[in-house]
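The values are calculated or read from the model by the stated rules, or taken from the named source; none is laboratory data. Since the model is a prediction, treat every value here as computed from it, not as a measurement. Cβ placement follows ideal geometry from the backbone for every residue including glycine, while neighbour counts extend to all protein chains displayed.
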Amino acid sequence: MNGILETGISKVHNVNHYSIGEGSISELPLELSRLRKKSNGKALYLVDEFFESNMEKLGDLGFIDEDFIIYIQTKEEPTTQYVNDIYQTLIEEFPGEPCVVVGIGGGITMDCAKAISNLYTNGGKAEDYQGWDLLSKPGVYKIGIPTISGTGAEATRTCVMTNKANGLKLGMNSDYSVFDRVIMDPKLSSTVPRNQFFYTGMDAYIHCIESINGLHKNHIGRAFARETINLCEEVFLSEDMMSDENRIKLMTASYLGGCSIATSYVGLIHPFSAGLSVVLDIHHCEANCIVMRGMKEFYPKEFDVFWQMAHKQNIQIPSGITKSLNNHQFDQLYDSMIIHEKPLFNALGDKFKELLTRGKVKEIYELM
Ligand code: NAD
Ligand code: ZN
């Protein structure tokens, strides 16, 4: 546990251009008119379904008649089938390649925007690119506009999707999955429900406590992680996590957290959380928070801070969710957790399988 390992990630591609600040979404029409001059001029917008009845909250998006909007459902996290279905709809109803794909929403919507942008130029099906560096061409120019903060999807080189046919939850990990442009306008996250604001915000905190406590070190990644943790603690230990000042701080933390995780690995919390998502269909960020119930032994300091933050913001984290599970379901939880070898190794070293026996994993899940 004492060794310092290189992550092996040496060349990092970040977002080309970003803006941050209240009202920065007003830069979009100008950016679009620049892009429209380059090719056929049509823009594709993928927008979180929350805004379908709240479009006025986004202001002027520079929409013209030739453009196309698809509202992205967020009840279920993206499946490869869902992404393929969107792409098929586009082929039928919006022929030709747009000059830009704009993703406006949370991690689900931004990930769909990345995947669709990649499919336009690479062809095939979403599942063909689940893995590392399988895309051969840059996607259509893509702009990410987060409306909730924490996952860091606006900064990372992946877009997470589940292939229901084989149970594989994996993104298109590629430099081509990085947004060309990101616009971070904290005004947009003011309407997020409080519980969701906390769950998603905690994804940034959790990514960084896992990576900073891991065996693999990357100097830049650690610096991003330290500042992400500081900002999250400032936000969630303050009186009102959703104040104007805190929403811009959390948007910053989310972006930095995404940059951090691009250079390192997560640890124990994400594999346990993946088990809850795969077996019990619990959304990623909420599942992470539930997993924190079982993490005292592994992350004692951060465990205490996490529960202080939840209490301070009066957020009830679900409990008792594994109470009535049978042995078969505990086995499924174990199987979908233990396959995440890289993060488990990062957290516990090469003896992780000896430490995380089926019995031990069941005991941990029983705390949730
Ligand atoms: P989300 O997209 O799951 O949305 C959560 C909820 O918040 C939805 O109901 C949505 O409609 C709502 N919402 C979003 N913005 C809102 C607003 N401004 N006002 C009101 N409601 C709003 O949010 P998330 O937690 O950011 O994303 C989770 C997804 O991100 C998962 O699918 C996960 O796998 C993925 N993820 C991706 C990466 C990556 O690097 N690509 C990293 C971590 C997680
Ligand atoms: Zn996460």
Worksheet item: So GLY103 fits all but one of (1) at pLDDT 95 or above; (2) over 30 Å from VAL279 (Cα atoms); what number is the exception?
Response: (2)
Worksheet, complete the sentence: Checked pairs for segment 301-317, first without any contact (Cβ under 8 Å) to a residue 60 or more places away in the chain, second in a loop (DSSP other than H, G, I, E, B) and not small (Gly, Ala, Ser), C-beta under 9 Å and 6 or more apart or across chains, list as PHE303/MET295; PHE303/LYS296; PHE303/GLU297; ASP304/LYS296; TRP307/ILE317
Discussion item. Checking the structure you have, find out if any residue of segment 331-340 is polar (S, T, N, Q) and surrounded by fewer than 21 Cβ atoms within 10 Å (Cβ to Cβ).
Written reply: yes
Practice prompt. Note down all Cβ pairs under 7 Å where the first residue falls in segment 249-275 and is without any contact (Cβ under 8 Å) to a residue 24 or more places away in the chain and assigned by TED's automatic domain parsing to the domain that holds ILE338, the second is within 13 Å of ligand 2 (Cβ to nearest atom) and part of a helix (DSSP H, G or I), and they're at least six residues apart or on different chains.
Written response: SER273/HIS284; SER273/ALA287; SER273/ASN288; SER273/VAL291
Practice prompt. Out of the residues in segment 239-260 that are more than 21 Å from SER211 (Cα to Cα) and out of contact with any Phe, Trp or Tyr (no Cβ under 9 Å at 6 or more places or on another chain), state the one that is surrounded by the fewest Cβ atoms within 10 Å (Cβ to Cβ).
Written response: GLU239
Discussion item. Go through (1) of a type in the set (Ser, Thr, Tyr); (2) more than 30 Å from ASN314 (Cα to Cα); (3) at pLDDT 95 or above for THR162 and report which single condition fails.
Written reply: (3)
Worksheet item: How many residues are surrounded by fewer than 18 Cβ atoms within 10 Å (Cβ to Cβ) and in contact with an Asp or Glu (Cβ under 9 Å, 6 or more places away or on another chain) if we restrict to segment 261-304?
Response: 3
Item to complete: Starting from residues that are among the basic types (Lys, Arg) and closer than 16 Å to VAL266 by Cα, keep the ones in segment 151-183 and report whichever is surrounded by the most Cβ atoms within 10 Å (Cβ to Cβ).
Response: ARG157
Worksheet entry | Conditions (1) away from ligand 2 (no atom under 16 Å from the Cβ); (2) under 21 Å from GLY131 (Cα atoms); (3) out of contact with any Leu (no Cβ under 9 Å at 6 or more places or on another chain); (4) at pLDDT 95 or above; number of the one not met by THR156 | (1)
